[in-house]
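Quick note: the coordinates plus some simple rules give every number you see, no bench work behind them. Note that the structure is predicted; figures quoted are calculated from it, not measured. Cβ placement follows ideal geometry from the backbone for every residue including glycine, while neighbour counts extend to all protein chains displayed.
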C-alpha cells in the first residue's frame, strides 16, 4: 500500500494486515508431546512449516514426531530451542518456570511464543491463577531477558487441532508482545493455518486476561458441548 | 425437546439455547447517560424492551431519555432501580462502589447486570485494574447480597450501539453468574438485539478476565481502526 502523498513519503508503510513471509522459519514446540503442543506442531507442519518438537526426553519427542509425520523432527527441549527461529512454549503451567530457566541461553535471540494458561481446577470448574509477574507471558519475559517474548495460541482446542479430518481451524489468535517485528511474525505464522488469523491484541501487560479467558471457554464448552474458540469482529 | 424415554421422564429438559421470554421485563440502566449506558438503553428499547434510564440527576436522565425516544423514561438511580426487573450497571468504575452501596435496598431481589470494566490508562494505552474483590462483578455481589448479580455486555462498542444507521450488532455477549435462572434471563435479553447472542461463560469468579479483555480490544481497535467485538465459535 502506498500513501496518497507518495511524492513526499515514498516509503510504503505496512498496513495492519501486511505480514512478513515466515514460510522459511523453523518452529520449535517446547512441551510438544502434550495435546496443545502436538496439535500446534501438527497444524503448522501441515501448513508447510518446518517443525521441531521438543520434550524433556528426546526419545519421547522423536516418537511423537514420527507419529505425526509431515517432516516433524523430535529433540530434547534444548536442541529444539537451538534449532528453531520461533519457539512456542506449550508446557504445563507448573513446568513453565523451570523449563524456561533451564533454556535461557538456548532461547537467546529467539522469538518465544508463550501459549501457557495458568489455571486451577476444583469441583466448580476452572479458574484463573495469577502469576507473581502478572501472567505466564510476563514471567517468560522476566526469565528470558535476551529473547523476544510474545504470547499467542491460547484459545485453541487441542481436540480440533489434532483431528486430521478437520481442514480449517476457524478462529482468531490474539497475539501480544512489545515489538511489532515480533508480533508480526507470530501473526503471520498463525495465518498460515487455514481458517486462522493472527490479530494483534496488545502488550504483554495485558496477557493475563487472554490467558485466563480459557477458564471461560471451558465453561462455554461444558454448557454447549462445544470446542469453543474466538473470532474478533470488525477486523 | 423430549427425551427418547419420554414414558419415564416426561418433563422436557431445557437445552442450552432454550431461554425464557423476557419481553415483558422492565430494564433499568444505571449510569444511563454515559455512552455505554445510552447505547444499551437505545438498543434494548429499539428491540421492544421497556427501559428506564437512571442517573444521579433525574433531570439529566429525563433529558437523555427524551433524546433517545422509543418510550425510554428517565429517573434518578434509586427510582430506576425500584421500577426495574433487571438493572444494568453501566457507571464509570470509580463510581461503581458508592453507586451500588447507596442502592442496596432498591436493588434487593433484582437481577443486576454488571458491565463495568475496571481499566487504567497511561501513555502505553489501557491496562486492567484488579479490584480487591477480584472483579467489578464480584464487588457488586459483595455489596449486594440480596440481589441476583450477573455480569455481561462488556465488549460492546458504544459507538456502534448508539449509531441509528446500524441495524445489527454482530457480536456475542458473555454472560456470567452463579444461578442459571438469572444468567438465562440476561442471555435472553442480549438475544433480543438483532445480531447479538448471549452465551453463558462461567461463574463470577471468572469475571475479571472478561472485564479486562476490553484493554485488549482497545489495542485491536487502535491497530486496525476497528470497533472490535467477539464471536464465540462452535456454539
- Query: In the stretch A:106-223, what % of DSSP beta bridges are antiparallel (nearest 5)?
  - Reply: 40 percent
- Query: On average, how many beta carbons from a partner chain sit within 10 Å of the beta carbon of a residue in B:193-202?
  - Reply: 4
- Message: Pairs of alpha-carbon atoms within less than 8 angstrom and 6+ residues apart define the contacts here; what relative contact order does the stretch A:183-231 have, in percent?
- Response: 20 percent
- Message: Considering all alpha-carbon pairs of the protein assembly as shown, what whole percent are spaced by more than 35 angstrom?
- Response: 36 percent
- Item | the stretch A:8-111 - Debye-derived log10 I(q)/I(0), Cα point model, q = 0.13, 0.15 Å⁻¹ | -0.46, -0.58
- Base-10 log of normalised Debye intensity for the stretch B:26-224 (one unit scatterer per alpha-carbon) at q = 0.08, 0.09, 0.14 Å⁻¹: -0.23, -0.29, -0.73
- Query: residue A:101 label points, 7 Å along Cα→Cβ, one per copy: pairwise distances from this copy to the rest in nm, shortest first?
  - Reply: 4.3
- Relative contact order for chain B: what is it in percent, counting Cα pairs under 8 Å that are at least 6 residues apart? 17 percent
- Listed residues A:106, A:21, A:122; largest mean-square fluctuation, Gaussian network over chain A with Cα springs below 10 Å, found at A:122
- Got a sec? How would B:219, A:23 order by Cβ neighbour count within 10 Å, fewest to most? A:23, B:219
- Is the shape of the stretch A:171-235 best called rounded, prolate or oblate, per the rule: a/c under 1.5 gives rounded, else a/b larger than b/c gives prolate, else oblate, with a ≥ b ≥ c the square roots of the Cα gyration tensor eigenvalues? oblate
- Note on the structure: Here the correct list, in nm and shortest first, of distances from residue A:17 to the same site in the other copies, label points 7 Å along Cα→Cβ, is 2.9
- Message: Per DSSP helix of 4 or more residues, -39500 (n - 2.57); summed, then divided by the residues of the protein assembly as shown. What does that give at 222 nm, rounded to the nearest 500?
- Response: -10000 deg cm²/dmol
- For the stretch A:176-229 versus the stretch A:98-150, the gap between their alpha-carbon centres in whole angstrom: 15 Å
- Message: Based only on other Cβ atoms within 10 Å, what is the fewest-to-most ordering of B:218, A:88?
- Response: B:218, A:88
- Copies of residue A:170 compared via label points 7 Å along Cα→Cβ give distances in nm, shortest first, of 1.2
- Item | Mean separation of Cα contacts under 8 Å (6+ apart) over length of the stretch A:137-217, as relative contact order % | 32 percent
- Ranking A:25, B:100, B:230 by Cβ neighbours within 10 Å, fewest first, what do you get? A:25, B:230, B:100
- Using a 10 Å cut-off on Cβ to Cβ distances, tally the other chain neighbours for every residue of A:124-134 and report the average as a whole number. 3
